[in-house]
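Every read-out reported here was derived from the displayed coordinates using simple, explicitly stated rules and does not represent laboratory data. These figures come from a predicted structure and were not determined experimentally. As a convention, Cβ positions derive from the backbone with ideal geometry for all residues, glycine included, and neighbour counts pool all protein chains shown.
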Amino acid sequence: MSATPPAILTGPSAFSPPIPLTGPTLALDDALYAEIAAVMESGLLTNAVNVSAFERLAAEFLEVEHVVAVASCTAGLMLVFCCLGLEGEVVLPSFTFMASGHAVEWNALRPIFADADPTTFNLDLADAAAAITPATAAVSVTHVFGAPADVNGLEQASREAAGRELPIIVDAAHGFGARYQDGTRVGTKGTAEVFSLSPTKPLSTGEGGLVATRDATLAHDLRQARDYGNAGDYDCAVVGLNARMTEIAGVLGRRNLAVLPQWLERRAELAARYVERLRELPGLGFQEIPSGARSSHKDFSVTVDEGMFGLGRAVLAAALAREGIPTRNYFNPPLHRLTVYQAYAEGIALPKTDALADQMLTLPLSSHMPFEHVERICDALGSLYEHRTAVSLVEPDDAAR
Ligand SMILES: *Cc1c(COP(=O)(O)O)cnc(C)c1O
């Protein structure tokens with residue numbers, strides 16, 4: 001690899017100014033601006049023709065019966081739990097984004113955190129099954145970094161553990177465009193799968209979410225619930241939200257969806273190149289994607305084994321920052337370590353989640369990122385490995401400078 005010393009020692013930064021960690025996948029052209037102008041001129045600003053057209057196109061893309069557009073993934077998850085009218089406990093991973101837990105808590109359900117699988121970074125099915133009790137109302141699962149969780153396996157494991165059918169609510173925030181091992185799209189399994197369309201997700205409308213489901217009754221109820229729960233006669237059967245999608249978001253959704261396949265391809269190629277290069281460095285671990293499955297590659301994250309690499313994740317992150325390479329430490333703290341969930345963390349031990357959270361390093365990835373950036377990031381990591389002894393001696397205060 002590279003002989004150039006890293007910036008944290010004496011070398012030049014790999015990127016000056018720093019590159020972004022991520023960015024939205026966008027199809028910007030005059031046709032888009034014309035459509036946005038047409039929305040403004042129409043006077044119909046929310047939940048009208050563009051949103052319903054986007055819902056139809058998304059349902060076609062996902063090969064699922066119903067898609068309900070909402071204001072965010074968080075709101076979508078909250079409304080799915082609400083419409084199912086659940087009471088009791090929800091088993092879910094701790095190694096996920098905070099919103100997965102918040103949707104449970106907002107519905108006065110009790111989150112029961114289960115451990116993660118260190119190879120797939122997704123929910124450990126055996127640990128989830130072991131957390132199921134007669135009080136379990138549902139199980140929730142996340143497609144971490146866009147790699148599909150085994151929802152079929154989870155359905156079977158939870159049925160066996162509960163002795164009855166449990167709703168499976170999928171936080172598919174990262175997963176638009178991913179495919180399960182059986183070739184079907186993420187969006188087609190569980191009771192409902194809820195996507196995020198916020199700017200860092202593979203498909204974005206600025207802010208927004210989509211609920212995909214095969215259940216016509218649930219889809220109908222969600223359409224009312226996103227509109228305060230108003231059944232049309234100003235009577236409400238549920239405590240709904242204003243979770244409608246705006247028409248401008250609907251335009252962005254339609255147009256970005258049309259170009260998404262080529263960008264998913266590119267994300268896969270960028271991730272593959274990362275793996276090809278970084279495999280050569282000892283101590284870096286990669287997310288296992290089940291054979292036949294496809295990730296959306298929402299993020300590219302590696303685990304850092306300090307003993308083998310010679311530098312820990314935090315030192316590596318500080319050194320990369322000096323190279324103009326931003327990183328994240330997803331999902332640290334995991335949910336059972338969040339202040340707000342301390343009441344549910346007593347007496348539970350999730351060692352695999354703690355280890356993953358401690359070791360996870362998310363590297364830059366976005367649809368529009370040049371391949372050359374991946375090469376330079378890998379060069380920088382190679383140089384840090386090569387100079388690991390000298391780098392490990394840098395004072396933490398100097399490292400953070
Ligand atoms: C981004 C994200 C969410 C929240 O999505 P919003 O659209 O911002 O509400 C939920 N879960 C996971 C796993 C996420 O990454």
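Here are the numbers for this structure:
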{"read-out": "Prolate/oblate/rounded call for segment 247-338, Cα gyration tensor, a/c under 1.5 rounded", "value": "prolate"}
{"read-out": "Span from the segment 187-213 Cα centroid across to the segment 21-58 one, whole angstrom", "value": "16"}
{"read-out": "Model label zone, Asp29; criterion: amide N under 11 Å from point 7 Å along Cα-to-beta-carbon; scope segment 257-275", "value": "259"}
{"read-out": "Cα gyration tensor shape for segment 262-401, rounded if a/c is under 1.5, else prolate or oblate", "value": "oblate"}
{"read-out": "Sequence ranges 79-86, 59-66, 150-157, ranked by mean other-Cβ count within 10 angstrom, highest first", "value": "79-86, 150-157, 59-66"}
{"read-out": "For the chain: rounded, prolate or oblate by the Cα gyration tensor [a/c cutoff 1.5]", "value": "oblate"}
{"read-out": "All lysines inside 16 Å of Lys298 as judged from Cα atoms, apart from same-chain residues fewer than 8 positions distant", "value": "Lys201"}
{"read-out": "Once the Cα gyration tensor of segment 175-249 is diagonalised, semi-axes √(5λ) in Å", "value": "26, 17, 7"}
{"read-out": "Karplus-derived HN-Hα couplings along segment 117-134 (A = 6.51, B = -1.76, C = 1.60, θ = phi - 60°), whole Hz, x at Gly and Pro", "value": "8, x, 8, 9, 6, 9, 3, 7, 5, 5, 5, 5, 4, 5, 8, 7, 9, x"}
{"read-out": "Top positive-direction residue, dipole computed over the chain with Cβ charges, set Ala31, Ala99, Ala131", "value": "Ala31"}
{"read-out": "Order by protection proxy (mean Cβ within 10 Å, highest first), peptides 257-264, 191-198, 180-187", "value": "191-198, 180-187, 257-264"}
{"read-out": "Viscosity 1.567 mPa s, 4 °C: Kirkwood-radius Stokes-Einstein D of segment 1-97 over Cα pairs, µm²/s", "value": "68"}
{"read-out": "GNM flexibility winner over the chain from Ser140, Ser16, Ser94 (Cα, springs under 10 Å)", "value": "Ser16"}
{"read-out": "Highest-MSF residue in the chain out of Arg294, Arg179, Arg164 [GNM, Cα springs under 10 Å]", "value": "Arg164"}
{"read-out": "Bridge type composition, the chain - antiparallel percent by DSSP, nearest 5", "value": "60"}
{"read-out": "Cβ-Cβ FRET estimate between Val239 and Glu269, R0 fixed at 35 Å, reported to 0.05", "value": "0.15"}
{"read-out": "Other-chain or far-sequence residues with amide H under 5 Å of Ile112's (modelled H)", "value": "Val90, Val91, Leu92"}
{"read-out": "Extension reserve of the Glu63-Leu44 stretch, reckoned as 0.36 nm per residue once the Cα distance is removed", "value": "4.0 nm"}
